[in-house]
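Accompanying notes for the structure given below.
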Amino acid sequence: MKLHQSPFVNKRKKTIEFHILINSASHISLAGTFNHWAHEGLEMKSVKNGIWKIEIPMLPQGKYHYKFFIDDRMWMEDVQNPYREPDGVTGWNSVLTV
């Protein structure tokens, strides 16, 4: 399975793909400014060998912050994405620009 960089904006399919590699998780969701940081609704699927993936519809042009919410208890930025900004607490938000 070939993975694009996360996040991958697919203009042809009009989707945005996110993925994360975590072997020990049982549930991961995507949350960010595009869904008001909701913990549910954007559940990722375990595809193989600890790779979790989600594809969402294209977002309107703009800048968005996001993180992964792991096992309903831990937030983690997208380590594949070099673009990040302080989250205002003690960590980082990943930044997606569409």
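The values are calculated or read from the model by the stated rules, or taken from the named source; none is laboratory data. None of the values given here were measured: they were computed from a predicted structure. A quick note on method: Cβ atoms are made from the backbone with ideal geometry, for glycine too, and the neighbour counts reach across all protein chains shown.
The number of residues in segment 17-52 that are buried (at least 19 other Cβ atoms within 10 Å of the Cβ) and of a type in the set (S, T, N, Q) comes to 1. Taken together, the criteria exclude residue 14 from residues that are loosely packed, with under 14 Cβ neighbours inside 10 Å and without any contact (Cβ under 8 Å) to a residue 40 or more places away in the chain.
Results for (1) closer than 20 Å to residue 87 by Cβ; (2) modelled with pLDDT under 95, shown as yes or no for each residue.
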residue: 11; (1), (2): no, yes
residue: 34; (1), (2): yes, no
residue: 39; (1), (2): yes, yes
residue: 47; (1), (2): no, yes
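In this structure, is residue 23 on the phi > 0 side of the Ramachandran plot and polar (S, T, N, Q)? When the stated conditions are applied, residue 23 does not pass them. Filtering segment 67-98 to residues that are in contact (Cβ under 8 Å) with a residue 24 or more places away in the chain, closer than 14 Å to residue 8 by Cα and not hydrophobic (A, V, I, L, M, F, W, C) leaves 78, 80, 81, 94, 97.
Only residues that are part of a strand (DSSP E or B), more than 11 Å from the chain's Cα centre (by Cα) and farther than 18 Å from residue 76 by Cβ were counted in segment 5-46, giving 3.
Only one entry of 60, 82, 86 meets the criterion of being within 14 Å of the chain's Cα centre (by Cα) and exposed (fewer than 11 other Cβ atoms within 10 Å of the Cβ), and that entry is 82.
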